[in-house]
Each structure stands twice: as structure tokens, then as C-alpha cells.
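Novice: Provided herewith is a single structure, encoded as C-alpha cells, for subsequent inquiry.
Readers should treat all values here as calculations from the given coordinates under stated rules, not as data from a laboratory. This one's a predicted model, so the numbers in the text were calculated from it and none came from an experiment. Note that we place each Cβ from the backbone using ideal geometry, even for glycine, and neighbour counts take in every protein chain shown.
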Amino acid sequence: MTDLFLKYFRSKQQEVQFEKIYDSQCPFCSMQCKMQLIEQTIVTKKKYRAVGKDNPTSEGRLCIKGMNAHQHSFNHDRIKYPLLKVNGEFVRISWKQALDHIKENFTRIQAEDGLNALAVYGSASITNEEAYLLGKFARVALKTKYIDYNGRLCMSAAASAASQTFGMDRGLTNTLKEIPFSRVIILAGTNIAECQPTIMPYFEKAKENGSYIIVIDPRETATAKIADLHLKVKPGTDAALANGILKVIIEENFIDETFIQERAVGFAEVKDYVSSLNLEEIAEITGISSELIRTAAIKFGQEETGMIFTARGVEQQTNGTATVRNFLNILIATGKIGKASCGFGAITGQGNGQGAREHGQKADQLPGYRSIENEEHRAYIASVWGINPEDLPRKGVSAYEMIEKIDKGEITGMFLMCSNPIVSSPNANFVERALKKLKFLVAVDMFISETARLADLILPTSSYLEDEGTMTNLEGRVTLREASRPCPGEVKHDWQIICEIADALGKGKYFSYSSAEDIFNELRVASRGGIADYYGITYDRLRKERGILWPCPHPDHKGTKMLFETAFAHPDGKAKMAVVKNDPVVSKEKPSNEFPLYLTTGRVMSHYLTGVQTRKSASLAARNVESYMEIHPETALKYNIKDHALVEIESRRGKIVVRSRWSEKIRKDTIFVPIHWADSQNVNLLISDELDPACKMPGFKVSAVRIKPLLPTS
Ligand SMILES: Nc1nc2c(c(=O)[nH]1)N[C@H]1C(S)=C(S)[C@@H](COP(=O)(O)OP(=O)(O)OC[C@H]3O[C@@H](n4cnc5c(=O)[nH]c(N)nc54)[C@H](O)[C@@H]3O)O[C@H]1N2
Ligand SMILES: Nc1nc2c(c(=O)[nH]1)N[C@H]1C(S)=C(S)[C@@H](COP(=O)(O)OP(=O)(O)OC[C@H]3O[C@@H](n4cnc5c(=O)[nH]c(N)nc54)[C@H](O)[C@@H]3O)O[C@H]1N2
Ligand code: SF4
Ligand SMILES: [Mo]
């Protein structure tokens with residue numbers, strides 16, 4: 001009897017009584033892999049599984065982060081109600097109370113300290129609709145000039161370099177489908193194998209087709225495994241390396257004279273400068289022998305087709321803009337752009353790292369990649385918004401500079417949406433001290449992040465499974481993220497929260513939308529005629545066509561697969577080459593007797609950014625439970641550091657303690673620490689606040705440090 005019952009019960013336990021499928025897109029990186037979440041009801045339990053769904057970018061693939069993303073969305077720690085800090089403790093309040101509280105404090109701050117005392121800190125992990133709305137919220141509802149976002153720490157150098165050289169910034173000039181047919185590929189400071197894993201098959205196919213792959217990275221990463229040539233560069237010296245490559249390309253006459261003449265300006269100056277350089281000196285600066293520099297240059301120069309990809313390794317430098325421009329010089333000099341299987345890609349970071357940098361979250365920007373200082377652009381956007389152009393604020397300052405203004409008491413209130421700046425900003429000790437000075441901080445998040453912990457009020461937001469909207473992926477392809485799960489508790493979408501606050505502030509008539517699609521239709525008009533023109537894109541088309549590449553100026557327009565086929569986006573149609581000097585701006589962070597090692601920072605496969613989401617996913621968190629320091633065994637022995645031992649790393653700004661991990665894959669003068677942990681393991685406690693003068697990107701990838709074992713070794 002009992003046996004029979006158990007048998008019956010067990011078979012019931014296996015039996016799926018109900019299955020529901022939710023379409024969505026991964027909330028993490030810029031591949032924006034399409035997925036389906038399968039919810040199975042078995043007896044009283046629900047089981048979840050994520051599977052990839054076919055689409056033109058990720059072709060149905062998912063990496064481990066995508067497969068386990070739902071775990072954070074279902075985590076018990078999700079905030080489900082507005083939380084107000086009372087005597088140091090967060091207590092649940094109603095939305096009505098939360099909105100009253102915001103109104104009272106924002107109006108008080110505006111009266112006491114002026115309109116520009118309020119700042120907005122946004123994100124590239126929110127949808128296009130929300131990014132657009134946040135820019136409008138700052139300018140129309142708060143009337144402040146201070147808005148910027150976490151993309152400043154991410155894509156700003158790539159964006160400013162492409163804007164300066166090409167006249168426009170879309171991450172990839174071509175689609176991923178062309179990669180397998182490119183004969184030579186440079187991957188500079190990009191670890192795609194861990195950071196955009198589902199992109200890898202495009203490069204693996206290229207390799208199968210005989211393409212020659214050059215990886216530039218101070219570490220032999222998972223990506224470097226596919227390289228034919230790995231240039232283990234000294235951190236922060238890529239601009240000089242690109243000069244070396246250019247010098248050889250010009251000397252060996254691999255340049256495309258016709259292309260240069262017809263399509264570019266500035267070549268003569270670049271040629272003069274690189275000709276004056278000595279390759280052996282470049283070898284000394286970069287740590288790459290002149291033979292290897294020559295090999296890279298000849299391989300790249302001699303092939304008919306070639307592509308260059310960069311990411312944060314070369315961009316998160318205090319000369320990041322100039323460095324990217326120097327890689328673009330190589331492409332232009334060899335005529336490898338605007339043609340099939342030739343072109344540039346700045347591998348975008350966050351899920352909406354592309355779209356969120358186009359529609360007005362940047363300090364100096366209006367929707368459609370328009371400029372807030374351009375009178376025509378101001379007049380057009382003011383007309384779309386139904387306001388007077390004179391009422392539009394002027395440009396503000398970058399993300400880190402807003403924090404400096406908080407420290408100085410110029411900004412006293414902040415609205416923070418979808419970012420964790422006390423962990424992700426450089427000089428993190430200072431950032432935390434500054435944010436504590438705010439009279440009022442509102443954080444909109446799914447969790448009580450380290451920064452939300454400091455807030456006066458936390459507003460609960462929806463996750464990717466709940467919040468519908470468009471995301472623009474690394475190709476520049478606008479995609480529709482379907483999302484239909486109900487919000488838990490009293491959670492609201494980011495766009496709803498923005499609209500309700502605007503309404504509480506008496507600006508509801510400018511923010512009366514009933515859906516994300518409603519906002520998108522306004523964004524389409526606002527972007528019309530701009531560089532990032534989305535006018536021809538509709539939700540209906542996105543559903544049918546599975547994504548559209550911008551610019552798409554008209555509903556009959558197919559979207560733009562390849563940029564710069566006949567002209568660049570500057571008024572004269574020409575690309576602007578620029579001389580990039582060898583002397584690294586990063587000199588302040590050069591190793592010295594006191595701080596003898598380079599520290600560089602980056603990512604591991606299983607965690608995402610400051611780890612707030614991935615640490616809430618049991619399957620992902622288990623793969624890397626704590627931070628670590630990658631160090632060459634010879635260097636470790638020199639400093640008396642055992643493998644797996646706790647180490648103190650110190651820079652001019654602060655100290656952290658992490659565990660050592662010996663590896664022969666890293667340069668002997670360099671250590672590497674990932675960025676995904678907070679508090680005493682937050683590597684940003686060590687990073688300098690020096691910024692790239694062109695784009696205000698911090699130099700996350702180069703710091704001078706010293707190390708010592710934490711405990712006396714026996
Ligand atoms: N798993 C995972 N994936 C992610 C993210 C994540 O947090 N986790 N974040 C997403 C986001 S927002 C971003 S921006 C991207 C980042 O993507 P990537 O930029 O590819 O990632 P990083 O690890 O920051 O840096 C890339 C490589 O640069 C190298 N590097 C360091 N210093 C230098 C240097 O001076 N020169 C050169 N040539 N290389 C250098 C590092 O060793 C590292 O391997 O990834 C996205 N995808
Ligand atoms: N040293 C060093 N520092 C770095 C980097 C580096 O390479 N080295 N990389 C930099 C880069 S490239 C980046 S992109 C930054 C990013 O750094 P952050 O901007 O701090 O990014 P996240 O850790 O993703 O923080 C996002 C927060 O928003 C919440 N969140 C997630 N989705 C949503 C949503 O839809 N709505 C709302 N309202 N909240 C949400 C998450 O729970 C989390 O608390 O870090 C930068 N910092
Ligand atoms: S993390 Fe990136 S590559 Fe992985 S599933 Fe998500 S979007 Fe795709
Ligand atoms: Mo990023």
C-alpha cells in the first residue's frame with residue numbers, strides 16, 4: 001500500500017500539470033539574447049528553465065548568465081514596496097506617501113538651493129523608452145541641467161572617438177554576420193569570451209575560414225585562446241602600440257591611397273608623426289617586441305578585408321578617446337571600412353549601452369543623438385515636448401563630476417535609477433562620503449544595493465521579465481523585449497515611476513503615457529532627423545522583423561546594415577584622422593618604487609558589474625563567491641604571496657583585501673582584480689579619479705599599486 005502510494009506520489013512529482021512560456025531578453029550584456037522562460041507547475045511547486053530563442057544576433061544561443069538570470073528576478077530579497085529610512089531603518093510606506101515625500105523634499109531643495117541642486121543619475125540597463133523619459137524628466141519636470149548616467153563609465157570613450165572620427169557613433173559599423181568572412185581581426189582590450197559569450201561563434205567561424213586573429217590584452221584571457229597572435233601589452237600603452245602598427249603599415253605601403261584621398265582628412269599629419277617614431281622605443285613603451293608589432297602590422301595590412309574591435313581594455317583609460325581614434329586611423333589608412341567584412345566595432349557593454357546613449361541621458365545631449373547646445377536641436381525637441389526652447393536647461397557635467405558637485409554642496413538632492421555608483425565609480429571612498437552629504441537621495445532599484453542602502457527613499461522597480469520595452473543591442477539593432485510576468489507586490493516599472501513623480505510635481509501633462517509603446521512613439525518623433533533616427537521603427541515592425549538597425553528614418557526604410565559605404569557622417573563626408581601622441585596621459589599612474597605594480601580591472605563570466613543581481617542568483621554566485629587577484633607566480637614569490645592567500649592591495653587612494661590566484665597568463669608587472677564585489681573587496685577603492693579630458697571616462701584600467709600578504713607567512 002505504502003509502496004504504491006509512494007510510486008504514485010513520485011510519478012505525480014514528475015508530472016507537469018501546467019506549463020507557461022514567457023518571451024523575454026537577457027537583462028545583462030549588449031548581445032541582448034532572446035530567450036524564453038519556461039514555467040512548469042509540478043504538484044504545488046513551480047520550476048523554471050530559460051532557453052534561447054532564435055534571432056539575428058545571438059542565433060538562439062544563451063550563456064550561463066542568461067540561463068540563470070531569472071533567479072535574481074525571483075529572489076526573496078526583491079524590494080516589493082517603497083521603503084523610507086526612518087531613524088536609520090527602512091520602513092514600508094505606500095506609493096502615495098512616497099510621492100508626497102519626494103514632492104516635499106524636491107520642492108524644498110529647489111527653494112533652498114535652486115533648480116540645479118537636483119541631479120539625475122541614470123543607466124544604460126534601462127529601456128530606450130525609460131532612458132528617453134529620464135532625460136525629459138530632468139529637463140522638463142525638474143528643470144535641472146544635471147543629468148548623466150553610468151554609461152559614462154562604460155561607452156563614453158568609444159562614443160566620443162567614433163563621433164570625432166566618423167561623425168557618428170554606432171557601436172558596430174557592420175553586422176555580426178560579416179565577421180566570419182573577414183580575413184584579419186584585431187580584438188583590442190576586449191574579452192568577449194567572458195563578456196559577450198554568445199558572440200564567440202562568429203569569431204570561431206572566422207578562424208575556421210582561415211582568418212588571422214590578433215588579441216591585444218595584458219592577460220592571456222579565454223578570448224586570447226582563439227588568437228593567432230597575442231600581444232601581451234603593458235596596461236595603458238595601446239595608443240603607442242597602434243602608432244607602431246601604423247608606422248609599419250605606412251612604411252610597407254599597405255595603405256589605400258585612393259580611399260585616403262577620397263574619404264579622409266588628416267592623413268599627412270598622422271604619417272609625419274608616426275614616421276618620426278622609433279619602433280624600438282615603441283617596443284620599450286608597450287612591452288611588445290618590434291618583431292611582433294611588425295607581424296601584426298603586416299598581417300593586418302596585407303589582407304583585403306579586416307576588422308578592428310575594441311572594448312573597455314583600451315577605452316577605460318585617461319586617454320581612451322585618443323587610443324580608440326588611433327585604432328580607427330589604422331582602419332582608415334588601410335581603407336578597411338564601409339565595405340563588406342571590413343569595419344569597426346566598439347563592443348557595447350550593458351544591455352542597452354547603445355540605445356541609452358542616444359536619447360538624452362547624457363549631460364550634453366537631446367534625443368536622437370542631438371546636442372543640447374545646438375539652437376536648432378533645442379527648438380525641435382522643445383516643440384516635440386511642448387515647451388519653450390528657453391526653458392530647456394543647458395548642458396550639465398559627467399557622472400563623476402556630478403559627484404564632485406555633491407561633495408562641494410552644489411548638488412544636494414539626487415534621483416538615482418538603476419546604478420550602484422558607490423561601488424562602480426572610481427575613488428569609491430570619496431563617492432560614498434559625497435553621497436552621504438546629500439539632503440535627499442531617492443534610489444530606484446530591485447534590491448537594496450550598496451548605494452540604495454544610503455538612500456532616504458527606495459522605490460521598487462520591475463525586472464526584465466516584467467518590464468516591456470525596446471533595447472538597442474551592440475549591432476545597433478533595435479529589439480523589442482517582450483515582458484509579461486506580473487510585477488510582484490507593489491512594484492512599478494521605471495517609466496511608471498518617472499511619470500508618477502512628474503505628476504506629483506505638477507508636470508503630469510508632459511508625462512501622460514499609458515504604455516511603453518506610447519513613449520516609444522514619442523521617442524520616434526523626437527529622434528526624427530537626428531543622427532540616431534528611429535522614426536521608421538514601430539513595435540509592430542519589431543515583432544515582425546525581429547529587430548531593425550538604426551538609422552531607420554522612414555516606415556518603409558529597411559534599416560541600415562552597413563555604415564559609411566559612400567560617406568562618413570561629418571558634413572564634408574570625410575573621416576577625420578588624428579595624430580595620437582605616444583606620451584601616455586596615464587603617466588600619473590605609472591608604477592614607481594612606492595607603488596611598483598600595475599593594477600588592471602575587469603570581469604569574470606558568471607558575474608555582472610557590481611554583482612547586485614548575479615550575487616542574488618545561486619547558480620551564478622556559486623561559481624565565484626569572492627573576489628581575487630590574478631598574479632604571475634614569479635611576482636607573487638617576489639612579494640612573498642602564496643597561492644590562495646589573502647593579500648592587501650594598496651594604491652594612493654585606499655586598500656582592499658582579496659585572495660591571490662597564481663597564473664602564468666598575466667604579465668609579470670601587472671595584477672588583475674575583477675569588479676563584481678563591494679565593501680572591503682571593492683577594487684574601485686583603489687582607482688584614481690583622473691578622467692579622460694575628451695569624454696570624462698575614468699582610468700579604470702591602470703592604477704599603480706603595492707601588495708603584501710595579509711597574514712605573516714610561515
Ligand atoms: N560576464 C560579464 N559580462 C559582461 C559584463 C560583466 O560585468 N560580466 N559587463 C558588461 C559591460 S557593462 C561591459 S562594459 C563589457 C566589458 O567587456 P570588456 O571590455 O571585454 O571587459 P573587461 O574585462 O572590463 O576588459 C576587457 C579586457 O581588457 C583587458 N585590459 C586591461 N587593461 C588593458 C589595457 O591597458 N590594454 C588592453 N589592450 N587591454 C587591457 C583586461 O585584461 C580584459 O581582459 O562586458 C559586458 N559583459
Ligand atoms: N574598476 C572598474 N570599475 C568599473 C568598470 C571597470 O571595468 N573597472 N566598469 C564600468 C562599467 S563598464 C560600467 S557599465 C559600470 C556599471 O556600474 P553600475 O552602474 O553600478 O551597474 P550595476 O552594477 O549594473 O548596477 C545596477 C543597479 O541597478 C539595479 N537594476 C538592475 N536592473 C534595473 C532596472 O531595470 N531598473 C532599475 N531601476 N534598477 C535596476 C541593480 O539591482 C543594481 O543595483 O561600472 C563601471 N565601473
Ligand atoms: S549575458 Fe549576454 S551573452 Fe549571456 S545570455 Fe545574456 S545577453 Fe546573452
Ligand atoms: Mo559597461
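Novice: Which of His76, Tyr513, Ala188 sits farthest toward the positive end of the charge dipole of the chain, with +1 on the Cβ of Lys and Arg and -1 on the Cβ of Asp and Glu?
Specialist: His76
Novice: What is the spin-label model distance, in nm, from Glu281 to Lys588 if the labels are put 7 Å beyond Cα along the C-beta direction?
Specialist: Label-label distance for Glu281 and Lys588, simple model: 2.5 nm.
Novice: For region 621-626, take each phi angle, set θ = phi - 60°, evaluate the Karplus expression 6.51 cos²θ - 1.76 cosθ + 1.60, and give the result in whole Hz per residue in order, putting x for glycine and proline.
Specialist: Ordered by residue, 3J(HN,Hα) equals 4, 5, 6, 8, 7, 9 Hz.
Novice: Quick query: amide H of Val444 versus all other amide H atoms, modeled in the peptide plane; which residues come in under 5 Å with a sequence gap of 5 or more or a different chain?
Specialist: When sequence neighbours closer than 5 places are left aside, the close amide H contacts are Leu416, Met417, Cys418, Leu459.
Novice: Sticking with this structure for a sec: Restricting to region 588-709, compute how many DSSP beta bridges are antiparallel as a %, nearest 5.
Specialist: Numbers: 14 of 23 bridges.
Here the share of antiparallel DSSP bridges comes out near 60 percent.
Novice: Which ³J(HN,Hα) values, rounded to whole Hz and listed in residue order, are derived for region 15-29 from phi using the Karplus coefficients 6.51, -1.76 and 1.60 in 6.51 cos²θ - 1.76 cosθ + 1.60 with θ = phi - 60°, glycine and proline given as x?
Specialist: Rounded to whole hertz, the list is 7, 7, 7, 8, 10, 10, 10, 10, 7, 7, 9, 4, x, 8, 7.
Novice: Return the loop-located trypsin sites (Lys or Arg not before Pro) in region 99-163 (DSSP other than H, G, I, E, B) with at most 11 other Cβ atoms within 10 Å of their own Cβ; answer none if there are none.
Specialist: none
Novice: Out of every Cα pair in region 156-347, what percent are spaced more than 24 Å from each other?
Specialist: Numbers: 5597 of 18336 pairs.
Of all Cα-Cα pairs in region 156-347, 31 percent lie more than 24 Å apart.
Novice: Continuing with the same structure: If you project the alpha carbons of region 214-299 onto their three principal axes, what span does each projection cover, largest first, in Å?
Specialist: So the three principal-axis extents are 40, 26, 20 Å.
Novice: Rounded to the nearest 5, what is the percent of antiparallel bridges among the DSSP beta bridges in the chain? Intermediate values should be presented prior to the final figure.
Specialist: Numbers: 47 of 92 bridges.
About 50 percent, rounded to the nearest 5.
Novice: Can I ask one more? For a protection proxy built on the mean count of beta-carbon atoms within 10 angstrom, sort 314-326, 271-283, 20-32 highest first, please.
Specialist: Numbers: 314-326: 29.2, 271-283: 15.9, 20-32: 22.7.
The peptides rank, most packed first, as 314-326, 20-32, 271-283.
Novice: Right, next: So how strong a dipole does the chain carry about its Cα centre when Lys and Arg Cβ are +1 and Asp and Glu Cβ are -1, to the nearest 20 debye? Write out the running numbers ahead of the final one.
Specialist: Details: 92 positive and 87 negative charges, 331 e Å.
Dipole size: approximately 1580 debye.
Novice: Return the distance in nm (one decimal) between the two label points of a simple spin-label model at Val86 and Lys509, each offset 7 Å from Cα along Cα→Cβ.
Specialist: Here the modelled spin labels are 3.7 nm apart.
Novice: Karplus couplings for region 646-656 from phi (6.51 cos²θ - 1.76 cosθ + 1.60, θ = phi - 60°), rounded to Hz, Gly and Pro as x?
Specialist: Couplings: 6, 10, 9, 10, 10, 10, 5, 9, x, 9, 9 Hz.
Novice: A further question on this structure: Give the share of C-alpha pairs in each 5 angstrom bin for region 556-714, from 0 to the last occupied bin, in whole percents, shortest bins first.
Specialist: Going from the shortest bin to the longest, the percentages are 2, 8, 14, 17, 15, 11, 9, 7, 7, 5, 3, 1, 1, 0, 0.
Novice: What order, most packed first, do the peptides 525-536, 213-224 have when packing is the mean number of other Cβ atoms within 10 Å of each residue? Intermediate values should be presented prior to the final figure.
Specialist: Values: 525-536: 21.3, 213-224: 23.1.
Final packing ranking: 213-224, 525-536.
Novice: Report the rotationally averaged projected area of region 373-514 based on its alpha-carbon convex hull, in square nanometres. Walk me through the intermediate numbers first.
Specialist: Numbers: hull surface 43.5 nm².
Computing the convex hull of the Cα atoms and averaging its projections yields 10.9 nm².
Novice: What share of the DSSP beta bridges in region 156-347 is antiparallel, in percent to the nearest 5? Write down the numbers at each step before the final one.
Specialist: Details: 1 of 18 bridges.
Bridges in region 156-347 are about 5 percent antiparallel.
Novice: Here's a follow-up. How high is the relative contact order of region 588-709, in percent, with contacts defined as C-alpha pairs under 8 Å that are six or more residues apart? Working shown, then result.
Specialist: Values: 251 pairs, mean separation 46.4, N = 122.
Rounded, it is 38 percent for region 588-709.
Novice: How much of the calculated P(r) for region 77-227 lies past 20 Å, in percent of all Cα pairs? Mind showing how you got there, number by number?
Specialist: Working: 7817 of 11325 pairs.
Of the Cα pairs, 69 percent sit more than 20 Å apart.
Novice: Over the Cα atoms of region 1-144, what is the Rg over Rh ratio if Rh follows Kirkwood? Walk me through the intermediate numbers first.
Specialist: Working: Rg = 23.1 Å, Rh = 19.9 Å.
We get a ratio of 1.16 for region 1-144.
Novice: For Cα pairs less than 8 Å apart in space and 6+ apart in sequence, what is the mean separation divided by the residue count of the chain, i.e. the relative contact order in percent? Walk me through the numbers on the way to the answer.
Specialist: Details: 1652 pairs, mean separation 133.1, N = 714.
Rounded, it is 19 percent for the chain.
Novice: Between Leu4 and Arg453, what is the label-point separation in nm under the 7 Å Cα-to-beta-carbon projection?
Specialist: Rounded to a tenth, the inter-label distance reads 5.9 nm.
Novice: Give the residue from Leu542, Thr600, Met562 lying farthest towards the positive end of the charge dipole for region 497-603; charges sit on Cβ (+1 for Lys and Arg, -1 for Asp and Glu) and the dipole is referred to the Cα centre.
Specialist: Met562
Novice: With contacts defined as alpha carbon pairs under 8 Å and 6 or more residues apart, what's the relative contact order of region 24-131 in percent? Don't skip to the answer; put the middle values down first.
Specialist: On the way: 111 pairs, mean separation 16.4, N = 108.
It comes to 15 percent, rounded to a whole number.
Novice: At a Förster distance of 22 Å, what's the computed FRET efficiency of Glu269 paired with Ala567, Cβ-Cβ distance as r, to 0.05?
Specialist: Values: r = 22 Å, r/R0 = 0.98.
It comes out at approximately 0.50.
Novice: Additional query: Would you calculate a helix-derived [θ] at 222 nm for the chain, using -39,500 (n - 2.57) for each DSSP H run of n ≥ 4 and dividing by the full residue count, to the nearest 500?
Specialist: -8500 deg cm²/dmol
Novice: In terms of modelled amide H atoms, which long-range or inter-chain residues lie less than 5 Å from the amide H of Leu710?
Specialist: Leu646, Val647, Glu648
Novice: Quote the charge dipole size of region 588-709 about the Cα centre in Debye, to the nearest 20; the model charges only the Cβ of Lys and Arg (+1) and of Asp and Glu (-1). Let's see the in-between values first.
Specialist: On the way: 20 positive and 14 negative charges, 32 e Å.
Roughly 160 debye, rounded to the nearest 20.
Novice: Right, another one. Can you spot the lysines whose alpha carbon is less than 28 Å from Lys708's alpha carbon? Ignore those fewer than 8 places along the same chain.
Specialist: Partners within reach: Lys232, Lys234, Lys588, Lys590, Lys638, Lys642, Lys655, Lys665, Lys668.
Novice: Whole percent per 10 Å bin, from 0 to the bin with the longest distance: what is P(r) over all C-alpha pairs of the chain?
Specialist: 3, 15, 25, 27, 19, 9, 2, 1, 0, 0
Novice: Can you give the extra length, in nm with one decimal, that the chain gains between Asp540 and Glu204 once fully stretched, where that is 0.36 nm per residue apart less the Cα-Cα distance? Intermediate results must be reported in sequence, preceding the final value.
Specialist: Values: separation 336, 0.36 × 336 = 120.96 nm, distance 3.42 nm.
Result for the pair: 117.5 nm of gain on full extension.
Novice: A follow-up question, please. Among Gly167, Ala296, Leu246, which residue has its Cα furthest toward the positive end of the charge dipole of region 156-347, with +1 on Lys/Arg Cβ and -1 on Asp/Glu Cβ?
Specialist: Gly167
Novice: How big is the charge dipole of region 156-347 about its Cα centre, in debye rounded to the nearest 20, if each Lys and Arg gets +1 on its Cβ and each Asp and Glu gets -1 on its Cβ?
Specialist: Working: 18 positive and 23 negative charges, 100 e Å.
Its charge dipole is roughly 480 debye.
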